[in-house]
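The values are calculated or read from the model by the stated rules, or taken from the named source; none is laboratory data. Note that the structure is a prediction, hence the values are computed from the model and not measured. Note: ideal-geometry Cβ built from the backbone for every residue, glycine included; neighbour counts use all protein chains shown. SASA here: full protein model, heavy atoms, side chains in, ligands and nucleic acids out. Shrake-Rupley method; radii C 1.70, N 1.55, O 1.52, S 1.80 Å.
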Amino acid sequence: MTETDFTPTEMMTIAAARALKNTDVCFVGIGAPSAACNIARLTHAPDVTLIYESGTIGTAPSVLPLSIGDGELCDTAVTTVSVPEMFRYWLQGGRVTVGFLGAAQIDRFGNINTTVIGDYDHPKTRLPGGGGAPEIASSCGEIFITLKQSRRAMVEKIDFFTSFGHGEGGDHRARLGIATKGPTLMVTDLAVWRTDPVTHEFTVVLLHPGVTREMVQAECGWTVRFADEVGETPSPTELELTTLRDLNARTKAAHSGTNTGEAA
Amino acid sequence: MAQFMTLPEAVAQNLTTGDTAAFEGFTHLIPHASAHEALRQGVKDLTLVRMTPDLVYDQMIGMGAVRKLIFSYAGNPGVGLLRRLRDSVENGWPHALEIEEHSHAAMANAYEAGAAGLPFAVLRGYKGAELARVNPNIRSVTCPFTGEVLAAVPAIRPDVTFIHAQKADRKGNVLIEGIVGVQKEAVLAAKRAVVTVEEIVDDLDAHPNACVLPGWTVSAICLVPGGAHPSYAHGYYPRDNASYIAWDKIAADRDTFLAWMKQNVLDARPEDFDDRVSHLRSRS
């Protein structure tokens, strides 16, 4: 297989999927994280426990849900609990090892904004808000983040701290009394990043095949830090790529063709 | 004790201009038919509560029925932003909207506190999160046993909660199945509750631990098949994802939105929901 056989988005999803272990209990964010988590489940981690905030625990959908509460999540789950129970017993109770989040806007310390662009009271763009993210970010054992790189998304300073990553870096989490690890991994369409053990700044450790340091910097709003030794992300295997494309095709078919043009 | 009546009667008897109202549903069982009836009756100045305001709150905000929104995630799930909400917050159209914004964990806890008759909810939350700076209702308490500082938010106590459920029996006991969300808490936290159902049956045939609201916790029950569309009713019809995708374009333009609302809401009836899900039932 040559490097042109897959898209940057496919590489991102597959590299993100590889981060999950078979024993993980993962709180799944909608969008890019949902695809990555299900690819993990369909390839190397068949027993990974996927949790969506709608209350579905141990779910195994055959197509990617459009929302976090599609019926198939419930049909295929080990159990479905109420939303208060989900946030109290399972998330706050410390049962979740990994929170997998996307981000509208992120900084080098993994702080995420999904609330507003601009001033809170007079926003330029009103985004959906935090949903489960503020407590996912503080209650899960660690946080993985996946997003497509752009200067608009990866910024020097986020407009609003929807969910706390490492704050100003260093021991800022510990100073706020947060005992969990916070963001440890970020997978973009160009690279795999890990947080520095001391400064907690995201650092590029792997470049995806065909990607240069200049390409990563061109799509990032802060000055990118690279590890002393930067490796290359292994290309997708035939199995990973086939699994992802089949999942995307099933999902596309399932989400189209039901609209009658009548009332929504 | 639950009374069986038509949806127009139930809305007229239980929802008044100026009320704090929750039309709850966590992606599943969203009470669209009830919200549309509220719009037809011209109820205004509402404080709307919901964890996940989506299309139907976008519609109510765009029609000018809402004074204040208490929420934790306002989006079109899997599609994008709510364009009528944005127009209200960013441009003040049709009028400005007061917002009180929380996280899901806080809202879920606040409903539970409301159902439990407590004045506030406590959670290990909002750590480092900036919502605590912009929302004066996010405060803290110190644990009297350990000294840990925890977040506190006021209980949610709606004047009225509207939900949609699969079925009720003839005594008015209500069964909710599938993703049950926060509806049980939202009903028990409210002064009044209106439930629309897919069907009314002789026997709920429910598992001993099923999510059942006894008839005496509910004010009114209305038979409205399809009443959750384009949301779904587990076991009856699936989520109409294509309608959620289509909403993004409808809501993008004020005139398109208003024309759509006239045709599909103001000039429509609760009975129309049954037709809207007829093509979906075979897929469930």
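For region B:89-115, which residues drop by 20 square angstrom or more in accessible area between the chain on its own and all protein chains together (1.4 Å probe)?
Listed in order, they are B:Val89, B:Glu90, B:Ile99, B:Glu101, B:Ser103, B:His104, B:Ala105, B:Ala108, B:Asn109, B:Glu112.
If you roll a 1.4 angstrom probe over the protein chains with everything in place, what fraction of the accessible area of chain B belongs to carbon and sulfur, to the nearest %? Provide the component values of the computation, followed by the final result.
Details: 5240 of 10360 Å².
That fraction is 51 percent.
For the pair A and B, how large is the buried accessible area, both sides, in square angstrom to the nearest 100, if the probe is 1.4 Å?
Chain pair A/B: roughly 4700 Å² of buried accessible area.
Checking a compactness column here: for region A:120-179, what do you get for Rg(Cα) / (2.2 N^0.38 Å), N being the number of residues?
In units of the 2.2 N^0.38 Å rule of thumb, it is 1.25.
Figure the gain on full extension for B:Ala116 and B:Gln13 (residue separation times 0.36 nm, minus the Cα-Cα span) and round it to one decimal in nm.
Extending this stretch completely gives an extra 34.5 nm.
Summarise the long-distance tail of P(r) for region A:203-262 by giving the % of C-alpha pairs beyond 18 Å. The partial results should precede the final answer.
Details: 1049 of 1770 pairs.
The answer is 59 percent, as a whole percent.
Highest mean first, what order results for B:171-178, B:219-226, B:137-144, B:89-96 on Cβ atoms within 10 Å? Mind dumping the intermediate values first?
Details: B:171-178: 21.0, B:219-226: 23.4, B:137-144: 12.5, B:89-96: 14.0.
Descending packing order for the listed peptides: B:219-226, B:171-178, B:89-96, B:137-144.
Provide a whole-number value for the mean count of partner chain Cβ atoms within 10 Å of the Cβ atoms in peptide A:74-87.
Going residue by residue through A:74-87 and averaging, the value is 6.
Over the Cα atoms of region A:1-96, each weighted equally, I'd like the Debye log10 I(q)/I(0) at q = 0.16 Å⁻¹, rounded to two decimals.
Log10 I(q)/I(0), no solvent term: -0.64.
What size of dipole, in debye to the nearest 20, comes out for the protein assembly as shown about its Cα centre when the only charges are +1 on Lys and Arg C-beta atoms and -1 on Asp and Glu C-beta atoms?
Roughly 800 debye, rounded to the nearest 20.
For the protein assembly as shown, what size does the Cα cloud have along each of its three principal axes, sorted from largest down, in whole Å?
Principal extents (Cα only, largest first): 71, 54, 50 Å.
What percentage of the solvent-accessible surface of chain A, computed with a 1.4 Å probe over protein heavy atoms, is contributed by carbon and sulfur atoms?
About 53 percent, which is the carbon plus sulfur part of the accessible surface.
When the distances between all Cα atoms of region A:3-253 are binned every 5 Å from zero, what whole-number percent does each bin get?
Reading upward from the zero bin: 1, 6, 14, 18, 20, 18, 13, 8, 3, 0.
Per-residue HN-Hα couplings for region B:150-161, Karplus 6.51 cos²θ - 1.76 cosθ + 1.60 at θ = phi - 60°, whole Hz, x for Gly and Pro?
Computed from phi, the couplings for region B:150-161 are 10, 6, 10, 9, x, 4, 8, 10, x, 5, 8, 10 Hz.
Counting only other chains, and only Cβ atoms inside 10 Å, what mean value do you get across the residues of B:21-27?
Counting Cβ atoms of other protein chains within 10 Å of each residue's Cβ and averaging gives 3.
Just to be sure I follow the rule: in region A:3-253, considering lysines 8 or more places apart or on different chains, how many pairs have Cα atoms under 21 Å apart?
So the count works out to 4.
For region A:45-134, which trypsin sites (Lys or Arg not before Pro) pass both filters: DSSP loop (anything but H, G, I, E, B) and at most 16 other C-beta atoms within 10 Å?
Working: sites: A:Arg88, A:Arg95, A:Arg108, A:Lys124, A:Arg126; in loops: A:Arg95, A:Arg108.
Those that pass, being in a loop and sparsely packed, are A:Arg95.
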